[in-house]
Amino acid sequence: SGTSISFGSPTEFETADTKECAVAFDSALNKSLVIYRRPSTGRSLILTISGTSVSSGNDAEFESGDVSETDIDFITGANKFLAVFEDTSDSQKGKAIVGTIASGDSTISYGSVAVYNTGRSELNKVIK
């Protein structure tokens, strides 16, 4: 006991080409949020894990332009996600956005995007 790991079946959450995936876990709601780059847009999707199964909720756009260098973390106490990314559609500026999953729901709402670096923004990381 405690020395083995088992995996369920893979679950496809996006049929389009996806890159730059990052994921964080909301311990209060027992849900994960994955952010990713889909051609010409930044997207996110709520994932619910039960045993070895993964189910997905609604996907949402967090940035209408092309993104790269994504990262996300869950901020305990605030019960919010903080996502950072390079906006390659806007001079590669470093940007951040806060997202909140509604309690008992599978939807996410986002605040306004904030620019934290006006220059090229590679290797973005949320550090808490």
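What to note about this one:
- Exposure rule at most 12 other beta-carbon atoms within 10 Å, DSSP loop GluC sites (Glu not before Pro): the chain longest free segment: 13-121
- Rounded to the nearest 20, the Cβ-based charge dipole of region 35-107 about its Cα centre (Lys and Arg +1, Asp and Glu -1) stands at 140 debye.
- Sequence-distant residues sharing a close amide H with Gly65 (under 5 Å, placed H): Gly42
- Charge dipole (the chain, unit charges on Cβ, about Cα centre) - positive-most of Thr70, Gly104, Ser40: Gly104
- Taking a ≥ b ≥ c as the square roots of the Cα gyration tensor eigenvalues, region 8-59 comes out oblate, since a/c reaches at least 1.5 and a/b does not exceed b/c.
- For the pair Ala102 and Val23, the difference between a 0.36 nm per residue extended length and the Cα-Cα distance amounts to 26.7 nm.
- Under the criterion of Cα pairs below 8 Å and six or more residues apart, the relative contact order for the chain equals 19 percent.
- Taking the Kirkwood radius as Rh and the Cα radius of gyration as Rg, the chain has a ratio of Rg/Rh equal to 0.99.
- Qualifying chymotrypsin sites (Phe, Trp or Tyr not before Pro) in region 5-57, DSSP loop, other Cβ atoms within 10 Å at most 15: Phe7
- Each residue of region 44-58 was assigned a 3J(HN,Hα) from its phi angle through the Karplus expression (A = 6.51, B = -1.76, C = 1.60, θ = phi - 60°), giving 9, 8, 7, 10, 10, 10, 9, x, 10, 10, 10, 10, 10, x, 6 Hz with x at Gly and Pro.
- For the chain: lysine pairs under 23 Å (alpha-carbon distance), excluding those fewer than 8 apart on one chain: 15
- Global form of region 63-128, assessed from the alpha-carbon gyration tensor, a/c cut-off 1.5: prolate
- In order along region 103-119, the Karplus-derived 3J(HN,Hα) couplings, from 6.51 cos²θ - 1.76 cosθ + 1.60 at θ = phi - 60°, round to 4, x, 10, 10, 10, 10, 10, 10, x, 7, 6, 10, 8, 10, 8, 8, x Hz, and Gly and Pro are given as x.
We did not get these values from a lab; they are worked out from the coordinates using the rules stated. All values derive from a computational prediction rather than experimental measurement. All Cβ positions, glycine included, derive from the backbone under ideal geometry; neighbour counts span all protein chains shown.
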